[in-house]
Amino acid sequence: MDARRESEPTPMKNPTTVERKSERELVITRTFNGPARLVFEAWTNAELFKRWWIPKSFPITLLSCEMDARVGGGYKLLFEASPEPKAFFGKYIEVTPHSRLVWTNEEGDDGAVTTVTFEEKGGKTLIVLHELYPSKDALDADLGSYDGMRETFDQLAEVLATLGPKN
Amino acid sequence: MVQYSPARRLDASFAALADATRRGVLEQLGRSEASITDLAGKYRMTLTGMKKHIGILEQAGLVTTEKVGRVRTCKLGPHRLEEETAWLESHRQLWDARFSALDDVIEDLKKKEMIDGRKKRK
């Protein structure tokens, strides 16, 4: 159980936006209350990444996470699944410290290319995560079924609904 | 084909859904395909009137039609608004939960940096 630190005031949570920008693009934005170098570190250091990519409330277990955040380096996330663990992997094709990360998603044939930009302003960092799919159909397929993840999303929505608004 | 633009498509969708007859038609088509004549009969409307409604739904991508012989058949279109909105919302919730956890990681990093900074100054 993770005890919430009740004595500390919870800072206002920044909103997350998700938008289907075009037939082949999905864009997610969020601002974080910290400098870009720290936010960037949390995206490129496997130990830190593991702590947030799959939060405790998610009905999935991340078994392992390896990342070599250099151009040409790879990453591999291994999730608990039956009958055998499911791997998500790809390569970094652009790594510009504290400002830009681009990686491929190679676990399927129609994987997107993910670009994350980090823009610091007044000690806060705006993240824009952009997913470009190879075709409209590839994104539609994700919109419609998202393979096995659809179930995960449904489970997730249920879990989130039970959590309710934080006091 | 209607040109794709998310904002314009939403406008078109909302405009299309702002009418009780058109919402009824969508519900009907959700159950089965129907010809414009069937729909006009069901809603006691002229063929021209129903054609107009179908045209608006078609422009929003909510309905597609196909003419076979003399009969134009209508069915639900590729833009299933609810499904897509629901998916985007579950996607948003996923990222939101993820980013809340990232907030905590960043707070920890900030604290660690402050403590390390103090140590260095000593």
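For every residue, the table says whether it meets (1) within 13 Å of chain B (Cβ to nearest Cβ); (2) under 19 Å from B:Val105 (Cα atoms); (3) assigned to a loop (DSSP other than H, G, I, E, B); (4) touching a Cys at 6+ places or on another chain (Cβ under 7 Å).
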residue: A:Phe58; (1), (2), (3), (4): yes, yes, yes, no
residue: A:Ser64; (1), (2), (3), (4): no, yes, no, no
residue: A:Ala69; (1), (2), (3), (4): no, yes, yes, no
residue: A:Leu78; (1), (2), (3), (4): no, no, no, no
residue: A:Ile93; (1), (2), (3), (4): no, no, no, no
residue: A:Val128; (1), (2), (3), (4): yes, yes, no, no
Report the residue count in the range A:123-155 for those that are at pLDDT 80 or above and acidic (Asp, Glu).
1
I'd like the full set of residues that are more than 9 Å from chain B (Cβ to nearest Cβ), surrounded by 15 or more Cβ atoms within 10 Å (Cβ to Cβ), not in a loop (DSSP other than H, G, I, E, B) and not aromatic (Phe, Trp, Tyr), limited to the range A:38-56.
A:Thr44, A:Ala46, A:Lys50
Kindly evaluate A:Arg30 against the criterion of being in a strand (DSSP E or B) and within 7 Å of chain B (Cβ to nearest Cβ).
yes
Conditions (1) within 13 Å of chain A (Cβ to nearest Cβ); (2) surrounded by 13 or more Cβ atoms within 10 Å (Cβ to Cβ) -> B:Val25 fails only (1)
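The values are calculated or read from the model by the stated rules, or taken from the named source; none is laboratory data. The shown structure was predicted, so the numbers you read here are calculated from the model rather than taken from an experiment. All Cβ positions, even for glycine, are placed from backbone atoms using ideal geometry, and neighbour counts span all protein chains on display.
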